[in-house]
Amino acid sequence: MALLDHLGITVDDIDRGREQFHPVLEALGYVRGVEAEHGISWNRGDDTEIIIFAPREEGTGPHVHGRVGWQHLAFAVDSRDEVDRLHRIATDAGWAVVREPKLYPRFNDRYYASFVEDDNGIRLEFMHNPPRDASAG
């Protein structure tokens, strides 16, 4: 059983949301599922589903990082190279760079991550944090 069944994210423009989310989620192994007028879903097997929704009312965004609400969603990946690859895919899809891929020694000496943000202020992190004995790579 998945710890997180699904995550719904409201975006200002559903077409732009598709342009930004699809390449990133596809690179993470998600497959586009249902696409309807008010939402698009991506699934990863029987695991977590991620859905973007059109807004119920105009002019409610974008989200501002640090305010109450969304902080960020971190995807754990298998290597630093994978962090770099996902970062490139996201920026090519129009995500803004918040922090370039780098080590974060304030977390630990192995924590390698990047942060990106879409047009709606939705922030993603791609991170690699291997166990101490597997820190190479």
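The values are calculated or read from the model by the stated rules, or taken from the named source; none is laboratory data. All values reported here derive from a predicted model rather than from experimental measurement. Because the Cβ atoms are built from the backbone with ideal geometry, glycine has one as well, and the counts that use them run over all protein chains shown. Each accessible area value is taken on the protein alone, full model and side chains, heavy atoms only, with ligands, DNA and RNA left out. Shrake-Rupley method; radii C 1.70, N 1.55, O 1.52, S 1.80 Å.
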Residue check for VAL24: open to solvent by 40 Å² or more (accessible area, probe 1.4 Å), of a type in the set (A, V, I, L, M) and either closer than 20 Å to PHE126 by Cα or touching an Asp or Glu at 6+ places or on another chain (Cβ under 6 Å) (or both): no
Exclusive hit being in a helix (DSSP H, G or I) and closer than 30 Å to ARG110 by Cα, set LEU25, LEU7: LEU25
Among the residues that make up region 40-50, is at least one of them among the polar types (S, T, N, Q), free of Cβ contacts under 8 Å to residues at least 40 places away in the same chain and more than 26 Å from ASN129 (Cα to Cα)? yes
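Every residue, every condition in (1) under 16 Å from the mean Cα position of the chain (by Cα); (2) of a type in the set (A, V, I, L, M); (3) surrounded by 14 or more Cβ atoms within 10 Å (Cβ to Cβ), yes or no:
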site: ALA36; (1), (2), (3): no, yes, no
site: ASP46; (1), (2), (3): no, no, no
site: GLY61; (1), (2), (3): no, no, yes
site: ALA74; (1), (2), (3): yes, yes, yes
site: SER79; (1), (2), (3): no, no, no
site: LEU86; (1), (2), (3): yes, yes, yes
site: VAL98; (1), (2), (3): yes, yes, yes
site: PRO130; (1), (2), (3): no, no, yes
Just the residues that are in contact (Cβ under 8 Å) with a residue 40 or more places away in the chain and β-branched (Val, Ile, Thr), please, taken from region 61-89. VAL64, VAL77, VAL83, ILE89
Which is among the hydroxyl-bearing types (Ser, Thr, Tyr), modelled with pLDDT of 85 or more and in contact with a Pro (Cβ under 8 Å, 6 or more places away or on another chain), of TYR104, TYR111? TYR111
Could you tell me whether any residue of region 31-39 is over 26 Å from ASP78 (Cα atoms), assigned to a loop (DSSP other than H, G, I, E, B) and out of contact with any strand residue (DSSP E or B) (no Cβ under 9 Å at 6 or more places or on another chain)? yes
Regarding region 110-126, can at least one residue be identified that is more than 26 Å from LEU3 (Cβ to Cβ) and of a type outside the set (D, E, K, R)? no
